[in-house]
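Starting off with a structure, shown below.
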Amino acid sequence: MIDGVAPSTVLKDLSHISSVLNHAELVWGDDIAHTKNELSHSLIGLKKARIVTKSKERDRLIAHEELQILTNHFYKGWKRVRNAIPMHLVMWLAIYTGRREGELCEMRLEDFDKENNQWKIRDIKNPDGSKGNHKNAHLEPNAFLIIEELLKPSIRNRMLELGYSNDLLLPVNVQTVSDYFRRACQLNGIEDLRVYDTRT
């Protein structure tokens, strides 16, 4: 790891640099063959030294028993603590939509197209860059049920007390969502599970 940057991130950055060099050569006619050759040789050395690597694929899936344990844990916390996040609903929204926690926490109410059963997800993660990469995501019936729960005044007003934007479906901090999930797993003896792993 280079100063806290994951090897896979470094590899992606170098890949982007390579794309820029190819563009400069093809479109602008710049003579940068030597620079491209140096980058290519550098990549070979970095890969052999394992300084840069491809990201590892995770195959961890959440078990039915774990879902029950976490749902009960989060619901009890929601009932007990006034300034809690409704994680019992957030987790199931992640399951039924297949969205990342960062995407869930950026879902804007104005992007909800109820008539066509879809929600515009903004800046979806993409190898070519997420900025402006908006997609309309189809919502299944179970996702609608969770959304309706989240929009109930008794739940929404409590979330808004946390001080985040009224324009969002989930006016909560994405890091807090991750922290809640990690802490719940630790308290319940659930190992190697992330919010990301709940996505179907």
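Does Leu89 fit the bill of being touching a strand residue (DSSP E or B) at 6+ places or on another chain (Cβ under 9 Å) and either surrounded by 20 or more Cβ atoms within 10 Å (Cβ to Cβ) or at pLDDT 95 or above (or both)?
Values: touching a strand residue (DSSP E or B) at 6+ places or on another chain (Cβ under 9 Å): no; either surrounded by 20 or more Cβ atoms within 10 Å (Cβ to Cβ) or at pLDDT 95 or above (or both): yes.
Against the criterion (touching a strand residue (DSSP E or B) at 6+ places or on another chain (Cβ under 9 Å) and either surrounded by 20 or more Cβ atoms within 10 Å (Cβ to Cβ) or at pLDDT 95 or above (or both)), Leu89 does not qualify.
In region 92-118, what residues are at positive phi and out of contact with any strand residue (DSSP E or B) (no Cβ under 7 Å at 6 or more places or on another chain)? Full working, then the answer.
We begin by selecting, within region 92-118, every residue at positive phi; these are 98, 117.
Matches in region 92-118: Gly98 only.
Does His73 count as within 30 Å of Tyr96 (Cβ to Cβ), surrounded by 10 or more Cβ atoms within 10 Å (Cβ to Cβ) and at pLDDT 80 or above? Walk me through it before giving the result.
Details: within 30 Å of Tyr96 (Cβ to Cβ): yes; surrounded by 10 or more Cβ atoms within 10 Å (Cβ to Cβ): yes; at pLDDT 80 or above: yes.
Considered against the rule, which asks whether it is within 30 Å of Tyr96 (Cβ to Cβ), surrounded by 10 or more Cβ atoms within 10 Å (Cβ to Cβ) and at pLDDT 80 or above, His73 comes out as yes.
Then there is this: Do we have Ala84 as assigned by TED's automatic domain parsing to the domain that holds Pro171, at pLDDT 90 or above and either surrounded by fewer than 18 Cβ atoms within 10 Å (Cβ to Cβ) or assigned to a loop (DSSP other than H, G, I, E, B) (or both) here?
Spelling it out, Ala84 is indeed assigned by TED's automatic domain parsing to the domain that holds Pro171, at pLDDT 90 or above and either surrounded by fewer than 18 Cβ atoms within 10 Å (Cβ to Cβ) or assigned to a loop (DSSP other than H, G, I, E, B) (or both).
Could you list, in sequence order, all residues of region 171-196 that are farther than 17 Å from Val81 by Cβ and hydrophobic (A, V, I, L, M, F, W, C)?
Those that are farther than 17 Å from Val81 by Cβ and hydrophobic (A, V, I, L, M, F, W, C): Val174, Cys185, Ile190, Leu193, Val195.
Could you identify the single residue in Asp123, Asp192, Asp111, Asp128 that is out of contact with any helix residue (DSSP H, G or I) (no Cβ under 7 Å at 6 or more places or on another chain), surrounded by 14 or more Cβ atoms within 10 Å (Cβ to Cβ) and modelled with pLDDT under 90? Step through it out loud before you land on a result.
Values: Asp192 fails: surrounded by 14 or more Cβ atoms within 10 Å (Cβ to Cβ); Asp111 fails: modelled with pLDDT under 90; Asp128 fails: surrounded by 14 or more Cβ atoms within 10 Å (Cβ to Cβ).
After applying the criteria, what remains is Asp123.
Is there a residue in region 159-170 that is at positive phi and surrounded by fewer than 15 Cβ atoms within 10 Å (Cβ to Cβ)? Outline the logic, then answer.
First, the residues of region 159-170 that are at positive phi: 163.
Those still in the list that are surrounded by fewer than 15 Cβ atoms within 10 Å (Cβ to Cβ) too: 163.
Checking region 159-170: at least one residue is at positive phi and surrounded by fewer than 15 Cβ atoms within 10 Å (Cβ to Cβ).
Within region 138-157, can you find the residues that are more than 19 Å from Glu115 (Cα to Cα) and either outside any helix (DSSP H, G or I) or of a type in the set (Phe, Trp, Tyr) (or both)? Spell out how you get there, then give the answer.
First, the residues of region 138-157 that are more than 19 Å from Glu115 (Cα to Cα): 152-157.
Hit for region 138-157 is Lys152, nothing else.
Can you tell me which residues in region 174-196 are part of a helix (DSSP H, G or I) and in contact (Cβ under 8 Å) with a residue 12 or more places away in the chain?
Residues satisfying the conditions are Val174, Thr176, Val177, Ser178, Tyr180, Phe181, Arg182, Ala184, Cys185, Leu187, Val195, Tyr196.
Check region 40-54 and report whether any residue there is at pLDDT below 75, polar (S, T, N, Q) and in contact with a helix residue (DSSP H, G or I) (Cβ under 8 Å, 6 or more places away or on another chain).
There is at least one residue in region 40-54 that is at pLDDT below 75, polar (S, T, N, Q) and in contact with a helix residue (DSSP H, G or I) (Cβ under 8 Å, 6 or more places away or on another chain).
Ok, one more. I'd like to check something: does region 137-148 contain any residue that is in the same structural domain as Lys79 (by TED's automatic domain parsing), farther than 21 Å from Asn72 by Cα and of a type in the set (Val, Ile, Thr)?
Scanning region 137-148 turns up no residue that is in the same structural domain as Lys79 (by TED's automatic domain parsing), farther than 21 Å from Asn72 by Cα and of a type in the set (Val, Ile, Thr).
The values are calculated or read from the model by the stated rules, or taken from the named source; none is laboratory data. Keep in mind the model is a prediction, meaning the values are calculated, not measured. Neighbour counts are summed over all protein chains in view; Cβ atoms, including those assigned to glycine, are modelled from backbone coordinates with ideal geometry.
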